[in-house]
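Reviewing the structure listed below.
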Amino acid sequence: MGTWLERRKAVFLDLDNTLYDWVAYFAPALRGMCRSLGEMTGVSSNTLFEELKAVFSKHGTVEYSFALQELPSLIAMHPSESGADLAARYRPVIDVFQTRRRAYLRPYPGVRSGIAMLHQAGYKVFGVTDSRQFQAENRLRQLRLDRLLDGLCCVPDHAVPDADTVAAIRRWSADHYKSELQTVIPLPPGLRKPSPGVLDFVVSALKVEYESCIYVGDSLAKDVAMAQQAGVYDCWAEYGARVSPLDFATLVRVTDWTARAVKDALDPSPKRMKIFPSYTATSFDDVVSLALMEPSERPHRHAIPCPPRQLSLLEIGPTLGGV
């Protein structure tokens, strides 16, 4: 098996609120879009938020790219127009969202240099996210993190209405949105966080050993608990759990989160949630410090993790042969 320094090691990084503050870009971008749309149409912001919530709930993501074309208010105002027509008509609204996204999306301090240090220490560094592939790759590309990560495990994209609608939304050709990621591993249908099968799937795909891996994420319930159940060393990105109250309130308005999910996000206390991370990172520098420790030096605050399980064919999936 070799010494720790000789082993094939991996750090798995959640993306949103682990590498960058997703809430800090998405919420202002959404507020700006709704304000601009309200000014153009006269539709109240309350109505727009309610309609967006219904559309996002229908598609299972607040990052559904074609939500504007499915808003009942706009369809009622322009009953004869196609999705592409609506996108063209409300192009200025889409531009507001995209401009704000570019202005507010920033990596956390130390992320770029930290990933480089992880590579120097012999780690493969993979992103693991429940975000859809296009959105996840686009953010990594914009932040130039796609050049630093060894790959990404994500959710396949949702269906698109038609080519004309896509063309009406995007300013650039399809090539412009391609990232420089060398490996993208789609999660099988139905396999999502916090199932430990997500990490079973990725660990097996990369052919690394459980004890040679670290998983880093900002959610105690979805990230830390998942890693502990999978038998992968867990690191809580506590810095990512600190969000603006205004931005969080905006996000809650368009999600179908349960009351418990909202409370967990507002008060992510290990004691209250009874999920105790092995290591708590208050910055990305702490993540690097953890990775540079010998495994025997790392603190263990949680119960002995479950041993790795035999994977099902669904969890293994057809992609493993090509990885």
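Bear in mind these aren't lab numbers, they're just calculated from the coordinates by the rules spelled out. Because the structure is a prediction, the values reported are computed rather than measured. Counting neighbours? That spans all protein chains shown, and the Cβs are built from the backbone with ideal geometry, glycine included.
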May I ask you to compute the full-extension gain from Val262 to Thr282, defined as 0.36 nm times their residue separation minus their alpha-carbon distance, rounded to one decimal in nm? 5.0 nm
Order of Thr99, Thr47 from fewest to most other C-beta atoms within 10 Å? Thr99, Thr47
Here the FRET efficiency for Leu246 versus Glu50, based on Cβ atoms and R0 = 25 Å and rounded to 0.05, is 0.85
Amide H of Thr183: which non-local residues (sequence gap of 5 or more, or other chain) have their own amide H closer than 5 Å, using H built in the peptide plane? Leu152
Extension gain (nm, one decimal) between Ser269 and Ser204, 0.36 nm per residue minus Cα-Cα: 20.2 nm
Would you work out the charge dipole size for the range 24-104 about its Cα centre, treating the Cβ of every Lys and Arg as +1 and the Cβ of every Asp and Glu as -1, and quote it to the nearest 20 debye? 320
Calculate one ³J(HN,Hα) per residue across the range 26-42 by plugging θ = phi - 60° into the Karplus curve 6.51 cos²θ - 1.76 cosθ + 1.60, and present them in order as whole Hz with x for glycine and proline. 5, 5, x, 5, 5, 4, x, 4, 5, 4, 5, 5, x, 5, 6, 10, x
If you consider only alpha-carbon coordinates, what radius of gyration and Dmax does the range 24-104 have, in Å? 11.9, 37
Mind checking the range 208-259 for chymotrypsin sites (Phe, Trp or Tyr not before Pro) that DSSP puts in a loop (not H, G, I, E or B) and that have at most 16 other Cβ atoms within 10 Å? Trp257
The range 1-159 shape via C-alpha gyration tensor axes, a/c threshold 1.5: prolate
Quick one: order Cys235, Cys213 by neighbouring beta-carbon count within 10 Å, fewest to most. Cys213, Cys235
